[in-house]
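Rule-based calculations on the coordinates, nothing more; no lab input. All values derive from a computational prediction rather than experimental measurement. Heads up, the Cβs are rebuilt from the backbone with ideal geometry, glycines too, and the neighbour counts pull from every protein chain shown.
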Amino acid sequence: DLSYPFDDEVNISTLKKDFIEWVYRTQTLTLFKNDALKLVSEPGESHEAFEERCKRASQGSSAETVEKIKQKYAKLKKTIEDKKLREELELERDKDVLKQRRSEEAVKGIENVAKLFRGRKSSLSTSMTKRRLTSTAKAGVKESEELIKKYEAELADLDKQMQAEIDALQTQSTQSIGTIREVYVQPLKKDIVVELFGLAWLPHYAIKSGDDWLMISGDD
């Protein structure tokens, strides 16, 4: 038969409040936190499981960063590739002009030779003009070819820089996933919800053995 204070509803309510106060003052939740990855373990998640989750997150973060690096260099390369394409088109035009100038110069040379055979004077100034136009066209071709080589070297250099950044990132990601530390979370009273509160007891038998008392559970 229950006796005071366990047979009174008010006293049971007081015990319930005391229980909440006990939980608030004595119970804490131990979690693991990775500040670098901004991750916190789930309640009950072991250190090993959380560490494995951090590794997966680190790999995912690394993949995202690699993609950002590639996008950054893609923009830089696009500017140079556009210049290179324009210069390649200019080179084709310069080659056509050079071909035409050489043809005109050759024709003029043949005409001058023919005039000499016929005893007529050849136009030296016209020949020099044709030669000058040919030289100018040849210089245009050479300039375009040099610019294209320059742009190709710049693109190759950007590829090396991009790969160096990716390699450094992957090395750093492999070496460390960040520091995992323990954090302790104390409950707020407003977050402690007691769905069911009551008192239960389990009978025990006390048996004396010599100078010692043995307690045996009644459900054994």
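Which FRET efficiency value, to the nearest 0.05, do you get for VAL66 and TYR184 by plugging their Cβ-Cβ distance into 1/(1 + (r/R0)^6) with R0 = 45 Å?
Working: r = 36 Å, r/R0 = 0.81.
Efficiency at R0 = 45 Å is approximately 0.80.
List the lysines whose alpha-carbon lies under 27 Å from that of LYS72, not counting same-chain residues fewer than 8 positions away?
Here the lysines satisfying the reach criterion relative to LYS72 are LYS38, LYS55, LYS83, LYS84, LYS149, LYS150, LYS160.
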